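*Asks:* First the structure, then my questions, so here it is.
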Amino acid sequence: MGSIENKLAQMGIDLPVAPDPVANYVPAVQTGNLLYLSGLGPAQRSDGTSLVGKVGDDLTVEEGYEAARLTGLSLIGRLKQELGDLDRVERVIKLLGMVNSGLQFTDHPAVINGCSDLLVEVFGDKGKHARSAVGMSGLPFDIPVEIEAIVQISD
């Protein structure tokens, strides 16, 4: 087990298995030393429940943050599936965080911090990244958050 997986174990985190694509796309594409991860939504909570709805209408900022953190777990799970060894992550380059939000909601960055904070907790300085956090009028299956990532990897 690599050092990142040891860290996850110490944090009490079991990685979810990221779901198969729901349409005509692939989960990840590698070009050179960059791995582009397709957008993912939140993993289920440890009690088996799922977060759904619009942040600002149905969910609080704190629940949106939790959804983004659970989405970060989905992304790390996808990385594990694609790479086999999370120690191959050299740097999280960029995230695009999309928040299913009500019309008056404007605190998208606070929501996507759930994923950003997790990536820095897990990968340290390698988890620090550029980022966009935007609002959407809706997301597939009414998920509250969808995040895609670009990750630099080693051979």
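Derivation of every value follows stated rules applied to the coordinates shown; laboratory data play no part. Since the model is a prediction, treat every value here as computed from it, not as a measurement. Neighbour counts are summed over all protein chains in view; Cβ atoms, including those assigned to glycine, are modelled from backbone coordinates with ideal geometry.
*Asks:* Quick one: which residues, 5+ away or cross-chain, put their amide H under 5 Å from the amide H of Lys128? H built at 1.01 Å from N.
*Replies:* Residues meeting the amide H criterion: Val92.
*Asks:* Still on this structure, I have one more. At 222 nm, what helix-only mean residue ellipticity would the chain give, in deg cm²/dmol to the nearest 500, using -39500 (n - 2.57) for each DSSP H run of four or more?
*Replies:* That calculation yields -10000 deg cm²/dmol at 222 nm.
*Asks:* For Lys126, which aspartates and glutamates qualify as cross-link partners when the Cα separation must be under 20 Å and same-chain residues fewer than eight apart are set aside?
*Replies:* Glu5, Glu82, Asp85, Asp87, Glu90, Asp117, Glu148, Asp155
*Asks:* Using the Kyte-Doolittle scale, find the helices of the chain whose mean hydropathy is at least 0.0 and whose Cα atoms extend 20 Å or more along the helix's long axis, counting only whole DSSP H runs.
*Replies:* Span-like helices in the chain: 108-123.
*Asks:* If you average the sequence gap of Cα pairs under 8 Å that are 6 or more apart and divide by the length of region 64-155, what percent do you get for the contact order?
*Replies:* Value for region 64-155: 47 percent.
*Asks:* Principal axes first, then extents: for the Cα atoms of the chain, list largest minus smallest coordinate on each axis, whole Å, largest first.
*Replies:* Its Cα atoms span 44, 33, 27 Å along the three principal axes.
*Asks:* Excluding same-chain residues fewer than 8 positions from Lys128, which lysines have a Cα within less than 18 Å of its Cα?
*Replies:* Lys7, Lys94
*Asks:* Now for a separate question. Which of the peptides 80-89, 33-42 is most tightly packed, and how do the rest follow, judged by the mean count of other Cβ atoms within 10 Å per residue?
*Replies:* Top of the packing list down: 33-42, 80-89.
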